[in-house]
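Every number in this text was worked out from the coordinates using simple rules, so none of it is lab data. All figures in this text were calculated on a predicted structure; none of them were measured in a lab. Glycine gets a Cβ as well: all are built from the backbone with ideal geometry, and neighbour counts include every protein chain shown.
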Amino acid sequence: MTLSVENVRTSRKVLAEMEYTPAGIDKGYSGKSLYVNLSEGKIEPKTVTREMKDIFTGGKGFGLWYLWQAVTPKTKWNDPENEIVISAGPIGGITQYPGSGKSLVVTLSPTTNSIMDSNVGGYFGPYLKFSGWDALELQGKSAKDVVLYIDGDTGKVTLEEIELETGASHLVSEILTEAFAESEEDKKHISVVSTGSGADNTLIGLLNFSWYDPRRKAVRMKQAGRGGIGTVFRDKKLKALVVRFSGLTGKNNNPVDFGKIQKAGVKIHKEINNFDDVQCRMRQAGTANLMTTMNDYDLLPVMNFQYGSHPEGKKISTEVFISKFTQNIYDGCWYGCSMSCCKAVDDFELKTGPFKGEKVVVDGPEYENAAALGSNWGIFDPDFIIEANFYCDTYGIDTISTGTMMAFIMECYENGIIDKEITGGLELNFGNQEAAMELLHQMGQGRGFGKIAGLAIRRMKEFFVKEYGADPDFLQDIGMEAKGLEYSEYLSKESLAQQGGFGLANKGPQHDEAWLIFMDMVNNQIPTFEDKAEALHYFPMFRTWFGLQGLCKLPWNDIEPEGNKQLEEANKVPEHVQNYVDIFNGVTGKNIDKEELIRQSERVYNFQRVFNLRMGFGKREHDKVPYRSQGPVTVKEYESRAERYDGQLKELGYDPESMSTEEKVKVMRQHREEMYEKLMDAVYLRRGWTNDGVPKLETLKALGIDFPEVVEVVKNHL
Amino acid sequence: MILVNGKEVEYEEGMTVKRLLEKMNYTFPMIIVRVDGKLVNKEDWDTFKIPRGAKVQALHQIAGG
Amino acid sequence: MKIVGKNESECILCGTCESICSEHYFKEDNREKSRIQVSEIDEDPGVDINVCNQCGDCIDACPVLALSRAKSGIVILNRKKCISCFNCVGACPTDSMFFREDEDNPYKCIACARCTKECPTEAIFMEEAEL
């Protein structure tokens, strides 16, 4: 059977259905959520209670609360009880403010065995809400591959068997968009969530959320990348989710004060229009605008995070990617995003793999992808990066984890821990493009050494120790994962605060909680432990808020209003914080201030910490990080930045001239590890946690989340 | 000597803000420069001479990747 | 294409153009809802006439292709397609795409020429402009 619109349309077989009257949205909420049990073919509505809104706000908050109720401390990622929860948040879906169409996805992760959350663009979340559902819970496991279709226009949810004989996510998105749309004009009313064969074959599967780009006339996708959510999706035998909603007006949230939202929106649209070209150039380069900066500041991960820059870095600079992107057209992953950062490469001719010779649209590469699939592998070829980015997306595997784990494999290969015999002939040296691309295809297709690679770093470390007698300490030092999640693509060695930003993050080392490298290392604005702890309280809480609302972080500080630089707390971008307060109040009719904004986050953030605890994690020992993230592991690494490190040792009272490099590496390490312990002490104190990293009862009480089942979990650890 | 973000940097005769940023390889497009507490606008970086012994803040406005 | 041209030094700030415009398009005499905005300024010649020059920068900013050039060359908004994001307002280099709290959609001059016919001083007039 070939993949065609006709075949998709005729092969549809409904297994279960539910008709409903879409709940009208009131002040950002529909008040209903959709529960689907894939084992039983059950589809039913639930009521979103006032308490849920007050305590968890929405988005990730709702996801965590539903997941909490669904699982027990014994539940594993591939148990039927595990859920994938998707929710947009109360602000989600407004069109007047940039970055307001995010979906938040929560599940138990196959790589961390604990709570994972991911923030993703595309139209699904807002369309889901406007179809009447504040959240979608997917539980159970289907016997056969299924597609869930939510028709928000007619009020019908169906669980269907559809013949989709492909493991390529871009084709699944395309074909379902075409099959469910009635015309070209109708395509923008469809959004598809899907993944690819890599999600069946690895533990780092992702979810692609689609939207239709009417200018490129192409289905585009954004990724809920981190922590293997796509792997859970396929374990449930979900092939795709499709939503249809054609009634978008810009007022679907039924906001209380449209003018307030409009005013904030127009103000920032103008800022972007006036200043972006001389600030971050998000509209030209997307987040790839960071490529040159990171290389210049010794922060771009090179060869498994050993180094922070490379002379060949200029081959993958910001300018190079600008020249690759199709320019000067609207590139928002939700309506109205004037930041317009989701760049794309059109008509890219693939050189390898199952689609070799075909011309495709490639999303990005974003900064993370360019660093992960390029410099971190010692590869400085933009076309290679674009191709690897395309295949990661269509196989449905996380670019960040793929990048960081491949870098780890390469360093293992260079150190003789694994060899050609083990890799099936692949010479996985840094810089070997052909071998790296082949391994990526193997991961996507579940072949050869790709099956080992797809286990991700934590399991690979165990495997290499057990099977090949590798030194576990060395692997612990160079394997850039914490809590089971691969690091995202920034060098944190010279910024203690960022070591904490990664290490103390709830889900694992992703930079979405805190990005403090410049404030700390370059600006020297947070010199004391107390300063760093304050930053590691404020920024993670502030940034958590985006995930409660259905918002994107980028318009917060990748554009700066006029006059911001005069302000004491310029780093917080106070005017934009006020915009967020205004749009929240404008939508919901509540009257929060910037302090209550932080408290909304604190409730959810602490709840997530307790949830980790409930699953057997979430304590000090779980906030440990690999030494590669803290300092030079090897003599070679030390010597590559000898002047810097010698200077630091002198400041500590050592005489580097009289020491061997081995000695210097050792004392440097002792010092830095000690600093990290002190940082943990300071942060836990600031967050109202015990010295073991457990939220104190009084903290939970002050936040109003001291309900019995939460206290029950915490009590055992106090 | 001058102090740049609290760290000692060698002073050069006639050093402008622009020259200092080049020397530091501070290429990021969003930097706020204060010399002895006073804001120096970007238009003046080319001409503003940093006095010997000055305390310079070159604050990179980025708190997010 | 024919656009609304202006000679600000001739303007006497009588507001006739604004009344005609708002009455025609919004059925009320409300200068704030006019698609041409006349105001007093400190700089010479003391008057600013803000009216769209049909440059089309807004067209590229619209996520739903609701803005386009009519056959005449004039930039028009299809309100049925508009989803009220106001990106076009941000993208307008002359601030001539207007918006109001009580209006769902932005609005702009479409060179209908009604105001130019009534201007008592020929401060505004129809003129030929290149696309």
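Of the cross-linked pairs C:6/C:117; A:60/A:507; A:493/A:594; B:18/B:38; A:483/A:619; A:60/A:483, those separated by over 21 Å at the C-alpha level are A:493/A:594. For the stretch A:496-715, the C-alpha radius of gyration divided by 2.2 N^0.38 Å, with N the number of residues, is 1.16.
Per residue, what volume in Å³ does the Cα convex hull of the stretch A:284-394 take up? Taking the convex hull of the Cα positions in the stretch A:284-394, it is 97 Å³ per residue. Across the cross-link table entries A:343/B:42; A:76/A:461; A:260/A:553; A:590/C:80; A:678/B:55, which are compared at the Cα atoms, the separations over 25 Å belong to A:343/B:42; A:590/C:80; A:678/B:55. Output the pairs from A:129/C:108; A:263/A:565; A:263/A:572; A:315/B:23 with a Cα-Cα distance over 26 Å in this structure; if there are none, say none. Among A:129/C:108; A:263/A:565; A:263/A:572; A:315/B:23, the Cα-Cα distance tops 26 Å for A:129/C:108.
Work from the charge dipole of the protein assembly as shown (Cβ charges, +1 for Lys and Arg, -1 for Asp and Glu, about the Cα centre) and give the residue of A:49, A:401, A:382 farthest towards its positive end. Checking the options against the dipole of the protein assembly as shown, the answer is A:49.
Taking only the C-alpha atoms of the stretch B:2-60, Rg followed by Dmax gives 10.0, 26 Å. Local charge for residue A:205 was computed over the other residues whose Cβ lies under 10 Å away, with Lys and Arg +1 and Asp and Glu -1, and equals -2. Computed from the alpha carbon positions, the gyration tensor of the stretch A:481-535 leads to an equivalent ellipsoid with semi-axes of 20, 11, 8 Å, biggest first.
Here's the picture: charge each Lys and Arg Cβ at +1 and each Asp and Glu Cβ at -1 in chain A, and of A:232, A:432, A:456 the one pushed furthest to the positive end of that dipole is A:232. Remark: the protein assembly as shown carries a charge dipole of roughly 2020 debye about the Cα centre, counting +1 on each Lys and Arg Cβ and -1 on each Asp and Glu Cβ. Relative contact order of the stretch A:270-424, taken over Cα pairs closer than 8 Å and 6 or more residues apart, is 22 percent. Sparse packing (at most 14 other Cβ atoms within 10 Å of the Cβ) combined with a DSSP loop state is found for none of the trypsin sites (Lys or Arg not before Pro) in the stretch A:225-315. Ellipticity at 222 nm from helices only: DSSP H runs of n ≥ 4 in the protein assembly as shown, each -39500 (n - 2.57), divided by the residue count, give -10500 deg cm²/dmol. Contact order for chain A, expressed relative to its length and based on alpha carbon pairs under 8 Å spaced 6+ residues apart, stands at 14 percent.
The value for chain A of Rg(Cα) / (2.2 N^0.38 Å) is 0.90.
What do the square roots of 5 times the Cα gyration tensor eigenvalues come to for the stretch A:524-578, in whole Å, largest first, as semi-axes of the equivalent ellipsoid?
20, 17, 7
The HN-Hα couplings worked out from phi for the stretch A:666-682 by the Karplus form 6.51 cos²θ - 1.76 cosθ + 1.60 (θ = phi - 60°) are 5, 6, 4, 5, 4, 4, 5, 5, 5, 4, 5, 4, 5, 4, 4, 3, 5 Hz, whole numbers, x standing for Gly and Pro. The smallest convex shape that holds all Cα atoms of the stretch A:258-486, its convex hull, gives 137 Å³ per residue.
What would the Debye formula give as log10 I(q)/I(0) at q = 0.10 Å⁻¹ for the alpha-carbon point model of the stretch A:5-244, no solvent? So the normalised log intensities work out to -0.40.
Find the Cα radius of gyration of the stretch A:590-697, compare it with 2.2 N^0.38 Å by division, and give the number to two decimals.
So the stretch A:590-697 has a normalised radius of gyration of 1.49.
Sequentially through the stretch A:103-110, phi angles give Karplus couplings (6.51, -1.76, 1.60; θ = phi - 60°) of 9, 10, 10, 10, 6, 8, 8, x Hz, Gly and Pro residues having no value and appearing as x. Farthest towards the positive end of the charge dipole of the stretch C:2-128, among the residues C:5, C:123, C:38, is the Cα of C:5, using unit charges on the Cβ of Lys, Arg, Asp and Glu. Put simply, the C-alpha atoms of the stretch C:2-128 give a gyration tensor, and the ellipsoid matching it has half-axes of 24, 15, 14 Å, longest first. When you restrict to C-alpha pairs under 8 Å that are six or more residues apart and normalise by the size of the stretch A:516-591, the relative contact order lands at 14 percent. Taking Lys and Arg as +1 and Asp and Glu as -1, the other residues whose beta-carbon sits under 11 Å from that of residue A:92 total +1. Inter-part distance, the stretch A:607-652 to the stretch A:687-718, computed on C-alpha centroids, equals 27 Å. What separates the Cα centres of the stretch A:465-482 and the stretch A:165-211 is a distance of 37 Å. Note on the stretch B:2-60: with charges restricted to the Cβ of Lys and Arg (+1) and Asp and Glu (-1), its dipole about the Cα centre is near 160 debye.
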